[in-house]
Amino acid sequence: MKLQVYRNLDELEGLRAAWDELLSEYPLSSTFSTWEWLSCWWQSFGQGRQLLVLALFDEASRLVGLAPLSMSTERFGGLLPLRVLRFMGDGSGDSDNLDFPARPGFEQPFAEAVLEYLQQQKRQWDLCELNTLPADSPAARWIAECADSREWTYFEYFSKSSGITLPDTWEKYVEQLPGEDRKNLVRYERRLKKRYSTRIYRCTKEEDLPICLDALFRLHQGRWLNAGEAGSFSSPERREFYRRLSRCLLNRGWLDLWVLELNGEITAVQFAFRYRDTVFQLQEGYDHNHPSDRAGFVLRAEVLRQLITEKVRRYDFLGGEDAYKARWAALPGTYRRICLARPLTAAAMLLRSVDWAERSKNWLRARLPSSAWGLLHQVNIFVRGIPDKKIDSAKKVGCPQDSDEVGQSPRVRRSRV
C-alpha cells in the first residue's frame, strides 16, 4: 500500500471522485467528512494553516483511508508556541463529527500508516489534537491503540452530543414527547395561524439563498446582541463560509435550509444539511421581539414532520446535551477527543499538566459543597478577567426560545497515558 500526502486544495481536488467512493463505503460517513464541507471550510478559515491530508491507497490504487489534517502554530499559556496537528475543519467551532474515513477491513493498516508517517515527520509537529470524533470511529480506535503501543503520550476525552431517532410515522414520534409538549405542538401552530398568514418552506433555489441566509444571520445576531453577546455570525469569515457551503450543499441536494414566514416576513430560519438518512441541525434564528409566537418551536415541529415523511431516520443536534433537546426526545451521544504527543517533549509535558489540572478540578468539584465550588469559580473568573456570562460565539447554539438555558454541557472524560 502507498501513503500519499496532499498539501493544497488544487492537488486534493483530483481526489474528489475517489473521496466520494470512499465515503460511500464508510458506515459512519457524514457531511463533515465530505469534500464540500472541508474545502469550503478551508477557503474560509485556512489562512495561517498548512494543509496535510494523508491518503492511503491499496495495491489496486483504490483509496482506502483518508486523514484530512492541517497544522498551525498555537501559543499555550500565551508563551509556549507549539505546532499543532488538527483535523481540517477544526479550529473555528463550526465542525462536529470529524473523522478518519476508512474502508472496512483497512482501519488498522490505515492507522498504522498515519502514525508511521507522523513518526517519520516528528520534527515537523509537536502536538496532535483530534476533536469531535464519533465515539465508535474504527480508525480513531486504532489510532489510539497504536499510539499507546508506541508509548506516545496519549490522553482521551469525551464530550456530549445528542440527537433524535425518528420513527417511521409522525404519530409514533409524537408519542415519545412529554404530555405538555404534545399539546403545545397543536396549540402553538393553531395560535400562530390565527395571528398571521403563515408559510413554511425549504430553500431549493440558489437565487433564494442570499435572502434566506441574510435572514438567518439577522435573526440569530438579533437574539444574541439583545442579550449583550457577540453572536456566531459576527465573524465575516463565518458568514462567507455559510454562503459558500450553502451553494455546494444545495448543488448536491444536501441542504436543509428551512424558513418560516409570518405575513410575508421571515421570522425563523433553521440551517441544517442531510447525509444519507441523517439531518444535522447546525444553526437557527428567530425573531426575539415576539417570543410568545414560539416561531422556532413551530418551525422545528414542521421540519421534523416533513423529515419523517421523507424517511429521514436521525435528526442530529450535534454537540451539547441541552434541556430543550431532550424535550424533543433527543437521546444522549458522545464525541471523542484524542490528544497525542511524542514522549519526553514539551508538548507531552503540557498534555500531562493539563490533564492533571482537569482531574484536580473534577476531584474538587465532587467533594466541595456547591456554594464553595461556586465561590472558587467566581474567583477564577475574576482572576482570569472572563466576563461572568461569556458565551463562546464560535460554538453552535440552540434556539433559545426552545430552552430554559443556553450553555455548554459538562464533559464526561477519561484519560490514560
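The values are calculated or read from the model by the stated rules, or taken from the named source; none is laboratory data. These numbers were taken from a predicted model, which means no experiment stands behind them. Quick reminder, even Gly has a Cβ in these numbers, built from the backbone with ideal geometry, and neighbours come from all protein chains shown.
One line per residue, one yes/no per condition, for (1) farther than 15 Å from Tyr6 by Cβ; (2) in contact with a helix residue (DSSP H, G or I) (Cβ under 6 Å, 6 or more places away or on another chain); (3) not in a strand (DSSP E or B):
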| site | (1), (2), (3) |
| --- | --- |
| Leu56 | no, yes, no |
| Gly65 | no, yes, no |
| Pro68 | no, yes, no |
| Arg75 | yes, no, no |
| Arg83 | yes, no, no |
| Gly93 | yes, no, yes |
| Asn97 | yes, yes, yes |
| Pro104 | yes, no, yes |
| Glu112 | yes, yes, yes |
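Gln176 passes every criterion in (1) without any contact (Cβ under 8 Å) to a residue 24 or more places away in the chain; (2) not in a helix (DSSP H, G or I) apart from (1). Name every residue in the range 271-299 that is closer than 21 Å to Asp181 by Cβ and out of contact with any Asp or Glu (no Cβ under 7 Å at 6 or more places or on another chain), in order of residue number. Matches in the range 271-299: Glu284, Tyr286, His290, Pro291, Ser292, Asp293, Arg294, Leu299. Return a yes/no flag: does the range 107-126 have any residue that is farther than 21 Å from Ser33 by Cβ, in the same structural domain as Gly91 (by TED's automatic domain parsing), crowded, with 19+ Cβ neighbours inside 10 Å and not basic (Lys, Arg). Scanning the range 107-126 turns up at least one residue that is farther than 21 Å from Ser33 by Cβ, in the same structural domain as Gly91 (by TED's automatic domain parsing), crowded, with 19+ Cβ neighbours inside 10 Å and not basic (Lys, Arg).
Of all the numbered requirements in (1) surrounded by fewer than 16 Cβ atoms within 10 Å (Cβ to Cβ); (2) closer than 24 Å to Thr34 by Cα, Leu249 misses one, and that requirement is (1). For the range 161-171, does any single residue satisfy the condition of being in a helix (DSSP H, G or I) and at pLDDT 95 or above? Yes, the range 161-171 contains a residue that is in a helix (DSSP H, G or I) and at pLDDT 95 or above. One residue stands out among those in the range 252-286 that are in a strand (DSSP E or B) and charged (D, E, K, R): the one that is surrounded by the most Cβ atoms within 10 Å (Cβ to Cβ), which is Glu284.
Number of residues in the range 198-232 that are at pLDDT 95 or above, more than 17 Å from Asn289 (Cβ to Cβ) and in a helix (DSSP H, G or I): the value is 9. Could you list all residues from the range 47-66 that are free of Cβ contacts under 8 Å to residues at least 60 places away in the same chain and either crowded, with 21+ Cβ neighbours inside 10 Å or among the aromatic types (Phe, Trp, Tyr) (or both)? Correct list: Leu52, Val53, Ala55, Leu56, Phe57, Leu63, Leu66. All conditions but one from (1) modelled with pLDDT of 75 or more; (2) surrounded by 11 or more Cβ atoms within 10 Å (Cβ to Cβ); (3) of a type in the set (A, V, I, L, M, F, W, C) apply to Ala366; the one that does not is (2).
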